[in-house]
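Participant: Structure in structure tokens, see below.
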Amino acid sequence: MLIDCLVMGDFETNCYILQPDGKTQECIIIDPGFEAAALIEFLQQRSLIPQRILLTHGHCDHIAGIGLLQEHFDHAITINISPFDAPMLQRSVLNLSAITTAPLKVSGKVELVNPGETIEFDRIKLEIIATSGHTAGGLSFYSSADKVVFTGDALFAGSIGRHDLPGGDLNMLLDGIRKGLFCLPGNTKVYPGHGPATTIEQEKRTNPFF
């Protein structure tokens, strides 16, 4: 699997573009944030066509680029999100855009996904892990074949996500990380929603919250 990362908008959200290989034009997008013009340019320059949008959670800085992707590619792009966070796509108070930017709503083809399920696309296989606590329905996406996990705003390098926002719960967040992420192989590379990549082993040893 090929992984590219674009840092998007003032929130500096990590948006990931996943390709099965360097030949296939179709790709997966994880968490397209604000100022998505750079993402559109990146995809067009490489003749990539997004087939699926995976959302680790529903905050505005992780969903704001969906509309532009739909406009430039296909309004029928499948959007995957937890059923607990799905209302955030339509309610600007819940996705925090009502208090941080202009109110934001996302529509389109939404397919709800749950922990324990697997998303398969070409040769990419991603297991869905529950990492709630930053939001009520936070998800992480894990590839055992490539030894990588995309954690959104649950686990960062040396930190964890905020838990003082609507739907947040510190105990749930810590429990989800311990049970859902820290059980992964230590050399699993962690691609978070903000900031640099890390590894599971590094966070188990040095993250001050644990």
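Participant: Considering only region 17-33, state which residues are closer than 23 Å to His59 by Cβ, in a strand (DSSP E or B) and either in contact with a Cys (Cβ under 7 Å, 6 or more places away or on another chain) or β-branched (Val, Ile, Thr) (or both).
Facilitator: Within region 17-33, Ile17, Leu18, Ile28, Ile29, Ile30 qualify.
Participant: Go through region 29-47 and give me each residue that's open to solvent by less than 10 Å² (accessible area, probe 1.4 Å) and either out of contact with any helix residue (DSSP H, G or I) (no Cβ under 6 Å at 6 or more places or on another chain) or closer than 16 Å to Phe141 by Cβ (or both).
Facilitator: Ile29, Ile30, Asp31, Pro32, Leu39, Leu43 - these are the residues of region 29-47 that are open to solvent by less than 10 Å² (accessible area, probe 1.4 Å) and either out of contact with any helix residue (DSSP H, G or I) (no Cβ under 6 Å at 6 or more places or on another chain) or closer than 16 Å to Phe141 by Cβ (or both).
Participant: Criterion first (of a type outside the set (Val, Ile, Thr), farther than 17 Å from Leu184 by Cβ, surrounded by 18 or more Cβ atoms within 10 Å (Cβ to Cβ) and at pLDDT below 95) does Ser97 satisfy it?
Facilitator: Yes: the conditions hold for Ser97.
Participant: Still on this structure, please answer the following. For region 112-126, give me each residue that is within 21 Å of Thr24 (Cβ to Cβ), open to solvent by 70 Å² or more (accessible area, probe 1.4 Å) and outside any loop (DSSP other than H, G, I, E, B).
Facilitator: Glu120, Lys125
Participant: Mind listing whichever residues of region 43-95 are charged (D, E, K, R) and assigned to a helix (DSSP H, G or I)?
Facilitator: Asp61, Glu71
Okay, residues lined up against (1) more than 18 Å from Leu6 (Cα to Cα); (2) modelled with pLDDT of 95 or more; (3) in contact with a Leu (Cβ under 7 Å, 6 or more places away or on another chain); (4) among the β-branched types (Val, Ile, Thr):
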residue: Val148; (1), (2), (3), (4): no, yes, no, yes
residue: Thr151; (1), (2), (3), (4): no, yes, yes, yes
residue: Leu155; (1), (2), (3), (4): yes, yes, yes, no
residue: Gly161; (1), (2), (3), (4): yes, yes, yes, no
residue: Gly167; (1), (2), (3), (4): yes, no, no, no
residue: Val190; (1), (2), (3), (4): no, yes, yes, yes
residue: Asn207; (1), (2), (3), (4): yes, yes, no, no
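The values are calculated or read from the model by the stated rules, or taken from the named source; none is laboratory data. Note that the structure is a prediction, hence the values are computed from the model and not measured. Glycine gets a Cβ as well: all are built from the backbone with ideal geometry, and neighbour counts include every protein chain shown. Heavy atoms of the whole protein, side chains included, go into the accessibility calculation; ligands, DNA and RNA do not. Shrake-Rupley method; radii C 1.70, N 1.55, O 1.52, S 1.80 Å.
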